[in-house]
1. Only Cα pairs within less than 10 Å get springs; with that Gaussian network setup on chain A, which residue of A:Ser56, A:Ser168, A:Ser191 has the largest fluctuation?
2. On a 0 to 90° scale, report how tilted helix B:115-128 is relative to the longest principal axis of chain B, with both axes built from alpha carbons and the result rounded to the nearest 10.
3. Can you tell me the Rg and the Dmax, both Å, for the Cα atoms in region A:112-226?
4. For region B:210-249, which chymotrypsin sites (Phe, Trp or Tyr not before Pro) are in a loop by DSSP, counting at most 15 other Cβ atoms within 10 Å?
5. Using a Förster radius of 25 Å, what is the FRET efficiency between B:Ser38 and B:Ser147 based on their Cβ-Cβ separation? Nearest 0.05, please.
6. Looking only at trypsin sites (Lys or Arg not before Pro) in DSSP loops with at most 11 other Cβ atoms within 10 Å, what is the longest site-free stretch of chain A?
7. For the pair A:Tyr96 and A:Ile273, what calculated FRET efficiency results from E = 1/(1 + (r/R0)^6), where r is the Cβ-Cβ distance and R0 = 30 Å, to the nearest 0.05?
8. At 7 Å along Cα-to-Cβ for each site, give me the label-to-label distance between A:Lys14 and B:Leu55 in nm.
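All of the numbers you see were taken from the coordinates with simple rules; none came from a lab. These numbers were taken from a predicted model, which means no experiment stands behind them. Note: ideal-geometry Cβ built from the backbone for every residue, glycine included; neighbour counts use all protein chains shown.
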Amino acid sequence: MMDQYLKNQKRKDKAFQYVALGCTVFALLVLGILIWDILAGGLRRLDWSFFTNLPSRHAERAGIKTALAGMGSLLFFTILIALPIGILAGVYLEEYGTNNRFAKLIEINIANLAGVPSVIYGILGLQLFVRTAGMGNSLMAGALTLALLVMPVIIVATREAIKAVPRSLREASYGMGATKWQTTSRVVIPSAMGGILTGIILAISRAVGETAPLLVIGALVYVPFIPEGPHDQFTTLPIQIFNWTTRPQEAFVVNAAAGIIVLLLITFILNAIAIALRNRWYKKMRY
Amino acid sequence: MYKLQAKNVNLFYGEKHALRNISIGIEPNSVTAFIGPSGCGKSTLLRCFNRMNDLIENTKIEGEFCLDDKNIYEDINVYALRKMVGMVFQKPNPFPKTIFENVAYGLKLGGLKDKRKLTDKVEESLKKAALWNEVDGMLNKSALALSGGQQQRLCIARALATEPTVLLMDEPASALDPISTAKIEDLIYELKKTITVVIVTHNMQQAARVSNKTAFFYLGELIEFDETNKLFTNPAEEKTQNYITGRFG
């Protein structure tokens, strides 16, 4: 009787193990096929000239120089805007305003904002920055739109990191006669910096892949020059890839695959940095 | 004249009446031990003397606290108070910074920037806390690399750096091994030559070893306060007698 029961349980245990294994393998397989397909399509197109050439209507001469430069400057301005506002908002919510209703309201809204589809941000950016503020489809309008998009990520990461700073450290600081600001700026934020950095990098890697909001605000698909200032028009790598995939010629699809490899590599590197930072920080903060 | 004084103090955490009409005077250059079962209010009273209870919400305090006959809630700025009345906590809580930065923290808060003065002060404080010999030459290492006992002495050095005249210690050795504990106790003995020490402890042998006077608290009341010798050998109150002999339920 008991024996039979145990046998059944064991069988169930094994069955579950295989189902879980199957799911994992399936997910990895899909990812593997995807990567294989892209590599097979695009790897042969990846050479130095692909990085240094301007876009062109001849597929074999087209490169991603302007897309990379546009993406770089776009990320630079995005982070420049989103970082201080996001971190300070996170610090305010966690350290100063957790108990009033206004802060609670903001808190709920930020959680909601993180779930809003990115194309909605594009529409907001189009109306607010491109039209009302009269920026046109400039780098600045794009950066402001992306900044809005990634700010919730930075705020949430900052709050989580600050929450993880042990209460005993704050007490130590207050016990030394520190004011609230001194405690926050000298102990809490430095101790939380690892977590905040992780959030920043995740925010960047989210911004790297965004296409929809930029298309909505009118980022151009063909930009034969490198943006020189925040008022210039721009393109980015995801938009360039999107453009290439819509072309009927086979050669442009190869270009798109090569572009995807570059984009994947950038995202992969950013995520690796984020994980490394987080691990270092946990090691440092262990008590 | 008392160094520290509490007069008719009542303290409430929300509805809970945590301290009941407590009056106590602590003499300068002495060690006073607060003993009593958990939740008796001894830590709460200790934390009143440098206003750490201000940080806990819903705390209401009645009565008067004095440092050198000055009301600490009215006549002294709270940040200045905490520099004069240092605190050491139960769990060693060094900042995740270097040893040097930990000790220099209070000095830098006070605006001291001169590198030479900072270095001198840090060395002096570490010597006072009997840690200098163990950390000399590695001041730029992380404080978290030290052992628990060393970390606690580092916290004491950090508190001593601003030259407080009172040091409050909230069960400073309860998380430490016997050897580290002995070092802390030796240190307390040295410290009382220059400053006033108030220590909360669960360890009655420790209270008997290090203190001049001992206060016994029970359920928020100060039951007995007397010379340590007298309190442990010939207590006036039955409750004290029961507690120190371990008969307390």
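1. A:Ser168
2. In chain B, helix B:115-128 runs at an angle near 40 degrees to the longest axis.
3. Rg and Dmax of region A:112-226, Cα atoms, are 18.8, 60 Å.
4. When the chymotrypsin sites (Phe, Trp or Tyr not before Pro) of region B:210-249 are filtered for loop state and at most 15 Cβ neighbours within 10 Å, B:Phe248 remain.
5. About 0.40, to the nearest 0.05.
6. After excluding every exposed loop site, the longest remaining stretch is A:58-285.
7. 0.50
8. 5.7 nm
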